[in-house]
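Below: the structure, in structure tokens.
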């Protein structure tokens, strides 16, 4: 059996219930008046009823009443503070207004793709080289097994200078705009003994139409590895790794035989179309594959042109067009957008 | 090359699934560009003239599927003796022709039978009449171009292969009157040219409904000769495509016999005599050595000897076992195969590139650092993007008018064969292209544009690596208040940032000789005494001509990267120890002539101050109320500090007094006030 509750404790229970229902400062003020009011407060009234109670019991109840009074004051103050914390603070600011964003430019999409490729190969121990955009016939064609009148020169319709300008490094005068960055590789081999492991990025020029899929200027990244015992298998392994890293996915690849004058055997690397997972769609012309780059084993005539021992050394080379990869990466339809530099386009890029 | 699979199947027992045939041909180097019904559109690479024929592709397909290949078309017909005895004299007077086969045939010109016309149409060739169609059909089938002359229109009649003579002309089958040059090889009768060798026949000897007798040509012309004439005349034909890649010197007689056989088969005509075959150039039987170990090393895979021999044999090569490999005789139609690597490709592509295991090349030497310009560009991009400029990529070639202000005509690098005048010269500066991009964005709802580009500028002396920047609009609008418009100071600030990045001192001097900038609003940059570029405001007329408004102001700068950072990326710099004693700051406001450059004031201050002056920085320039006309109020903050002690107010005051006196003496400067701790205003 529980002892009969003292009247003070009953009053406490009543207060607790009423406090729970209080929703505003006004409620709290009314509550305080109701229980602690000097004239008609419930606690005052209770104390007034103690006239007939024994002194001992009266003292005990008086002490309980005092405690209750303090507890009520404390509880009301706490609730008052809690209510104040949820209301508008003096000097409050509108935090929903836009912030002042520090200005931050973005690297151009073609740069981003180019550096993405460079970084993959830097991680595989390549060095990134640089070279002239105006070339002589030797470095752009002849040393690459493209003698004058070779029909394959038609594969790269060339822009020529109206009159020659001094060549890079005081060499042959430059007569044309490079059609690929391979000339840089020839220059590198002319002054460096094997082993070679280079990436040659840059702008290249062709006498091409200017439309949604062609520009007379585009960007290329070429790579070259020369050492003893370099094989087509090494080329496959390297480019498979590149494709996986570039597309950030375990991606199926295939190597198709092809033709380039400066490689033998020559191949093209296709990757599985990501638009249809290889099933065939408009993007891949229903083939399930997307052409990514040209590659092959360095033609012995190229080694002979730069004075490398073609018996001792073998090598592989590859070349990839950045615009085409960028179209795919960013889902852009028209290659010309890369040269318009419309801020509304560029500012959508990740920094 | 468009080829019906049913036609391929005439020469080898291939599956009738065109897609499957296409896949296998693609896997050995003939990429499928399209497939419509039974017709494969194959991409034949420039080194494979033999692939420009149904029989050549059938050979590849037969090798790929491991099925036998039937003899070449015309093989049996060539062995037969024709009935008649009629023939024309043929003479070859130039090394551009290696072989000339001629046959006479009596014909009844009429439309071709439907099957033949359909097949030509499927292959993309327009049917004309039975005689012409037979020549085209046999060309597609064998790869050997043929031409039929109306024999009644040949002077002599005879055939002379020779160079064109000065002044000679020829109306070709396409109706064009061609001016011939002495470098061009022609087929002539006794008097005049009747065909351009390897390119196109002449109109006067064209086969027509009245033709009763034809002279059928099947010849071999030197690739360089056909190619040169084709380029010179801007004329490309099915025949020239085959000759300039290299036709089969062994094919002409067989192809002629095949054509006569087909004429007979369809009732279009019959040989009137034997083949006349003049062949000054002998068929070369090349032998190329293929070593087993080289094959394995280059492919990175071991192909069994039996497979090597099977593959080469199926493609028409004759491999004979020799020490360490094979001596391989190359068939006459494989003009592309002359060295061991070529044979390795043959084995590799039919063995299957996909079967070759993927490996990794060993790294046997320490990788070298990348080229300085590459490293430099990366730093520049990081800094400029961080500074809020957007990277642009603009065309290297621009129109001459846009280049004109930046370089005298003699210094501009023009393109000989530009795509259009818009791309006529190589840019002498990055600024015209950047301005075009700025204008492009301004016209497309971007008010504030800040662009930079890293690239090459071209002058007569050669290539110059540069960075350029253009700025317009506000410095950043925000609800809390406008930051104000960009000014010259922003363009100059970019140059200062770049100089600080590479740890070089930048000298900025006023320049009035830069015609692409507004007068009085431009400066030259120099680093270590070397010219390094320029900054300025573009002239309003120039900006307006490009389509911006009269109130639009564009500021720009360009810096020569070989001067800014010849070594590439900045190297780590030793950090100066932080000061151990406090500095004392004095602000100085003076009235000076408005034309006096701040740099002069700064120089005077520096040259009259003790070594304890460690900083001079302008913080206000004011003109207006309280400042006499023609003058400005310039406020400068001077920072004094000694490395070894705390300076006293009185020694700083002495220094300031000396500076004020020097400014008054050298520039007539009037002190408006000084401020600083312990100093009365």
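The values are calculated or read from the model by the stated rules, or taken from the named source; none is laboratory data. The shown structure was predicted, so the numbers you read here are calculated from the model rather than taken from an experiment. Note that each Cβ is placed from the backbone with ideal geometry, even for glycine, and that neighbours are counted across all protein chains shown.
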Original post:
Among (1) part of a helix (DSSP H, G or I); (2) within 9 Å of another protein chain (Cβ to nearest Cβ); (3) touching a helix residue (DSSP H, G or I) at 6+ places or on another chain (Cβ under 7 Å); (4) surrounded by fewer than 18 Cβ atoms within 10 Å (Cβ to Cβ), which single condition is residue A:338 missing?
Top reply: (4)
**OP:** Take segment B:338-365 and flag every residue that is part of a loop (DSSP other than H, G, I, E, B) and closer than 22 Å to residue A:311 by Cβ.
**Re:** B:338, B:339, B:356, B:359, B:361, B:362, B:364, B:365
Original post:
How many residues, within segment B:183-200, are within 35 Å of the chain's Cα centre (by Cα) and either closer than 17 Å to residue B:159 by Cβ or modelled with pLDDT of 95 or more (or both)?
Top reply: 8
Subject >> Test for residue B:618: is it without any contact (Cβ under 8 Å) to a residue 40 or more places away in the chain and in contact with a helix residue (DSSP H, G or I) (Cβ under 7 Å, 6 or more places away or on another chain) >> reply: yes
**OP:** Looking only at segment A:202-213, decide whether some residue is in contact with a helix residue (DSSP H, G or I) (Cβ under 8 Å, 6 or more places away or on another chain) and modelled with pLDDT of 95 or more.
**Re:** yes
Subject >> Of the criteria (1) surrounded by 17 or more Cβ atoms within 10 Å (Cβ to Cβ); (2) within 30 Å of residue B:443 (Cα to Cα); (3) without any contact (Cβ under 8 Å) to a residue 24 or more places away in the chain, which one residue A:270 fails >> reply: (2)
Subject >> Residue that is surrounded by the fewest Cβ atoms within 10 Å (Cβ to Cβ) [pool: residues in segment A:139-157 that are in contact with a helix residue (DSSP H, G or I) (Cβ under 8 Å, 6 or more places away or on another chain) and touching a residue at least 40 places away in the same chain (Cβ under 8 Å)] >> reply: A:142
Original post:
Looking at (1) surrounded by 18 or more Cβ atoms within 10 Å (Cβ to Cβ); (2) more than 7 Å from chain B (Cβ to nearest Cβ), can you tell me which one residue A:122 breaks?
Top reply: (1)
**OP:** Look through A:224, A:176, A:161 and report the one residue that is assigned to a strand (DSSP E or B), without any contact (Cβ under 8 Å) to a residue 40 or more places away in the chain and surrounded by 19 or more Cβ atoms within 10 Å (Cβ to Cβ).
**Re:** A:161
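Please report, ordered by residue number, the strands (runs of 3 or more DSSP E) entirely within segment B:148-217 with at least 1 residues that are touching a helix residue (DSSP H, G or I) at 6+ places or on another chain (Cβ under 9 Å) and farther than 19 Å from residue B:135 by Cβ.
Answer list for segment B:148-217: B:177-179, B:185-188.
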Original post:
In segment B:522-545, how many residues are surrounded by fewer than 17 Cβ atoms within 10 Å (Cβ to Cβ) and on the phi < 0 side of the Ramachandran plot?
Top reply: 7
**OP:** Test residue B:441 against the criterion of being surrounded by 15 or more Cβ atoms within 10 Å (Cβ to Cβ), under 27 Å from the mean Cα position of the chain (by Cα), in a helix (DSSP H, G or I) and modelled with pLDDT of 90 or more, and give yes or no.
**Re:** no
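The rows are residues; the columns are (1) at pLDDT 95 or above; (2) over 41 Å from the mean Cα position of the chain (by Cα); (3) facing chain B (nearest Cβ under 8 Å); (4) in a loop (DSSP other than H, G, I, E, B).
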position	(1), (2), (3), (4)
A:70	no, yes, no, no
A:84	no, yes, no, no
A:91	no, no, no, yes
A:104	no, no, yes, yes
A:110	yes, no, yes, no
A:115	yes, no, yes, no
A:157	no, no, no, yes
**OP:** Tell me, yes or no, whether segment A:144-151 has at least one residue that is more than 16 Å from residue A:302 (Cβ to Cβ), at the interface with chain B (Cβ under 8 Å from one of its Cβ atoms) and at pLDDT 95 or above.
**Re:** no
Original post:
Considering only segment B:263-314, how many residues are buried (at least 16 other Cβ atoms within 10 Å of the Cβ), within 24 Å of residue A:295 (Cα to Cα), in contact with a helix residue (DSSP H, G or I) (Cβ under 9 Å, 6 or more places away or on another chain) and within 14 Å of another protein chain (Cβ to nearest Cβ)?
Top reply: 10
**OP:** Identify, from the list B:347, B:379, B:374, B:383, the residue that is in contact with a strand residue (DSSP E or B) (Cβ under 9 Å, 6 or more places away or on another chain) and more than 7 Å from chain A (Cβ to nearest Cβ).
**Re:** B:347
Original post:
Among the residues of segment A:227-255, which ones are crowded, with 20+ Cβ neighbours inside 10 Å, more than 24 Å from residue A:275 (Cβ to Cβ) and more than 8 Å from chain B (Cβ to nearest Cβ)?
Top reply: A:235
Subject >> Restricting segment B:211-236 to residues that are touching a residue at least 12 places away in the same chain (Cβ under 8 Å), closer than 23 Å to residue B:126 by Cα and surrounded by fewer than 19 Cβ atoms within 10 Å (Cβ to Cβ), the residue that is farthest from the other protein chains (Cβ to nearest Cβ) >> reply: B:212
Original post:
Which members of segment B:388-411 meet the condition of being in contact with a helix residue (DSSP H, G or I) (Cβ under 8 Å, 6 or more places away or on another chain) and at the interface with another protein chain (Cβ under 7 Å from one of its Cβ atoms)?
Top reply: B:389, B:390, B:391, B:392, B:393, B:394, B:395
Original post:
In this structure, does residue A:190 turn out to be surrounded by fewer than 17 Cβ atoms within 10 Å (Cβ to Cβ) and at pLDDT 95 or above?
Top reply: yes
Original post:
Just one of the numbered conditions (1) free of Cβ contacts under 8 Å to residues at least 40 places away in the same chain; (2) under 25 Å from residue A:118 (Cβ atoms) is not true of residue A:311; which one?
Top reply: (2)
Original post:
Can you pull out the residues in segment B:1-42 that are under 31 Å from the mean Cα position of the chain (by Cα) and touching a residue at least 24 places away in the same chain (Cβ under 8 Å)?
Top reply: B:1, B:2, B:25, B:27, B:28, B:29, B:30, B:40, B:41, B:42
Original post:
Hey, which of the helices (runs of 4 or more DSSP H) in segment B:49-144, taking only ones fully inside, have at least 1 residues that are out of contact with any helix residue (DSSP H, G or I) (no Cβ under 8 Å at 6 or more places or on another chain) and surrounded by 23 or more Cβ atoms within 10 Å (Cβ to Cβ)?
Top reply: B:130-142
Original post:
Hey, residue B:335 hits all of (1) crowded, with 20+ Cβ neighbours inside 10 Å; (2) within 8 Å of another protein chain (Cβ to nearest Cβ); (3) part of a loop (DSSP other than H, G, I, E, B) but one; which does it fall short on?
Top reply: (2)
Original post:
Which one is surrounded by the most Cβ atoms within 10 Å (Cβ to Cβ) among residues in segment B:551-581 that are over 35 Å from the mean Cα position of the chain (by Cα) and touching a residue at least 60 places away in the same chain (Cβ under 8 Å)?
Top reply: B:553
